[in-house]
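See below for the structure under consideration.
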Amino acid sequence: MAGLGAAIALTKKGHNVTVLESTPQLQPIGGIIVMQANANRILDGLGVYESLLTICAAKPFGPSTRRYKDGEFLIKKLAETHEQEYGYPLWPLHRGDLQQVLYEFAVKRGITLRFDCRVVALDDDSETLTVIIKDGERIEADIVVGADAERPVPGIKSSVRKSIFPDSTCVRDSGMDITRVNIPEAIVRSDPETSILMDQIGLWCGPFTTLAAMPVARGDKWYLGLDCCHQRDETSVEGSSRKQNIEQFKEYFKDYASPIQKLLSYTREAHVWRMMETMPPSWVSRSGRVVLIGDAAHAALPWVGQGGGMALEDAATLAECLQRVVVSEDIPNALQAFQEIRGSRCKLVQEWSAIKGKRATLPDGPEQEQRDKNLRLFNAWVKAKPWDKIHVDELPELESLNWKAWLSGHSAVEFANRKLDERFGTRHYK
Ligand SMILES: Cc1cc2nc3c(=O)[nH]c(=O)nc-3n(C[C@H](O)[C@H](O)[C@H](O)COP(=O)(O)OP(=O)(O)OC[C@H]3O[C@@H](n4cnc5c(N)ncnc54)[C@H](O)[C@@H]3O)c2cc1C
């Protein structure tokens with residue numbers, strides 16, 4: 001996501017980009033990836049937004065927060081509110097479809113995409129920066145962008161990150177897993193109790209678990225995607241296949257309300273991922289010619305729904321930063337600027353995702369009751385204090401109303417250029 005996004009953004013600015021992808025061909029896999037207004041703003045800037053509307057059957061839904069036991073709505077928002085407030089809609093997409101759209105766009109723009117090219121190491125110490133591919137081929141570059149997050153069963157890896165920080169532990173394990181399930185629309189619609197779930201996004205909160213139910217199109221077929229977060233049971237994953245043990249998985253959600261029980265009874269196959277954060281000591285190598293972006297730099301837990309959004313913001317911001325490079329000696333300064341512009345925002349998203357997850361998974365008791373009381377007041381609170389649309393670039397206090405505006409109303413490109421003007425003046429690469 002970050003790699004294709006960066007390739008498109010950089011090519012638009014006139015750079016010569018080669019994408020090295022480890023898989024033998026495009027593997028448009030994964031589950032649902034939520035695109036909020038800030039992410040859709042970037043996709044529009046890249047020129048791929050219109051294709052999304054046609055290829056991905058993207059459709060906005062109203063998000064809600066619900067209680068696991070009885071399905072009570074703690075928060076319920078209208079589908080159109082997000083777009084009215086932040087300029088673009090919020091919609092769940094299939095990760096594979098989004099990847100396909102970005103890929104086709106990159107091909108059309110003539111970007112060199114090389115599959116089956118696993119990066120195994122970098123030579124960042126010599127005068128010439130070199131990428132080393134698995135078969136020993138060496139490719140020289142002015143800059144290397146490490147958008148190479150990889151999820152083997154035990155964690156999140158990045159070969160580029162490993163090359164520049166060989167001795168650092170860059171990953172924090174949440175101790176929880178996420179299991180992903182897709183149920184065809186026809187099955188969900190066959191029962192009135194589950195059918196309504198096809199018309200909304202719902203985050204169900206239970207003890208040590210959450211279950212997000214989101215309608216999503218794959219091509220022209222609709223599914224209900226379930227992203228189910230739960231504690232880890234080392235025995236539940238079948239080898240390295242990611243296949244979840246269905247009976248074990250259902251146990252985590254056995255006290256959820258009847259519509260969820262029905263959905264789980266339809267589940268025949270599910271895949272599980274470990275939930276981890278990445279936090280390397282820096283995103284830029286000592287030489288100042290290698291930069292990490294996307295999940296390789298700052299993977300977050302899923303509760304803020306911004307993995308794809310942050311990856312795309314990185315891509316667009318990087319292109320703006322490199323636009324300020326006039327001679328190659330400027331590259332380290334531009335990459336440092338990139339880290340400074342993006343660092344605090346991505347860190348806050350990581351922190352808030354972790355806090356939100358902790359609260360959403362509270363066991364029943366006084367803390368959970370207080371949480372639910374606050375959530376029930378949320379809609380009235382928003383109505384009473386509408387967002388003034390001014391402070392989107394300032395870091396808000398967590399939980400201030402401007403938090404959401406800061407997150408979804410953000411324009412990464414405008415913000416980057418304001419910061420870059422402060423640092424570089426109006427100097428631009430021609
Ligand atoms: C298989 C898969 C399924 C996912 N499913 C979901 C989902 O359902 N919902 C969700 O919200 N998020 C999902 N994600 C994560 C989400 O896509 C990311 O949070 C977000 O898009 C950040 O993008 P990224 O470019 O940093 O990482 P990714 O989108 O993971 O892209 C990294 C790319 O780097 C490639 N790569 C890795 N190592 C090397 C190497 N050594 N050499 C060359 N190429 C390499 C990978 O093959 C991959 O194409 C998934 C990621 C993957 C890989």
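Bear in mind that the values in this text are calculations on the coordinates, not laboratory data. None of the values given here were measured: they were computed from a predicted structure. With ideal geometry, Cβ positions are generated from the backbone for all residues, glycine too; neighbour counts draw on all protein chains shown.
Just a few scattered comments:
- Scanning residues 5 or more positions from ILE201 or on other chains, those with amide H under 5 Å from its amide H are GLY62, SER64, with H placed 1.01 Å from N in the peptide plane.
- Table column - 3J(HN,Hα) (Hz), segment 109-120, Karplus curve with 6.51, -1.76, 1.60, x for Gly and Pro: 7, x, 6, 6, 10, 10, 8, 6, 10, 6, 6, 10
- If only the Cβ of Lys and Arg carry +1 and only the Cβ of Asp and Glu carry -1, the dipole of segment 145-256 around its Cα centre is close to 400 debye.
- On Cα atoms only, tilt of 307-322 relative to the major axis of the chain in degrees: 20
- The chain: C-alpha gyration tensor shape, a/c 1.5 cut-off, then a/b vs b/c: prolate
- Mean separation of Cα contacts under 8 Å, 6 or more apart, over the residue count of the chain: relative contact order %: 20
- Computed over segment 174-276: relative contact order in percent, which uses C-alpha pairs under 8 Å that are six or more apart: 37
- If you take all other residues with their beta carbon under 13 Å from the beta carbon of TYR68, and give Lys and Arg +1 and Asp and Glu -1, the sum is 0.
- Think of the chain as a dipole: +1 on every Lys or Arg Cβ, -1 on every Asp or Glu Cβ, centred on the Cα centre; then among SER282, LEU362, PHE338, LEU362 lies furthest on the positive end.
- Think of the chain as a dipole: +1 on every Lys or Arg Cβ, -1 on every Asp or Glu Cβ, centred on the Cα centre; then among CYS229, GLN84, LEU318, GLN84 lies furthest on the positive end.
- Cα-based helix-to-principal-axis angle, 331-360 vs the chain, degrees rounded to 10: 10
- Helical contribution to [θ] at 222 nm, DSSP H n ≥ 4, -39,500 (n - 2.57), averaged over the chain, rounded to 500: -11500 deg cm²/dmol
- Helix 412-424 and the long axis of the chain differ in direction by around 40°, with both axes built from C-alpha atoms.
- When the trypsin sites (Lys or Arg not before Pro) in segment 263-310 are filtered for DSSP coil states and for at most 11 other beta-carbon atoms within 10 Å of their beta-carbon, the remaining sites are ARG268.
- Amide H contacts of GLY206: LEU211, each under 5 Å away and 5 or more positions distant or on a separate chain (H built 1.01 Å from N in the peptide plane; Pro and chain starts excluded).
- Dipole of the chain, positive end: most advanced residue of LEU43, THR11, GLN200 [Cβ charges, Cα centre]: GLN200
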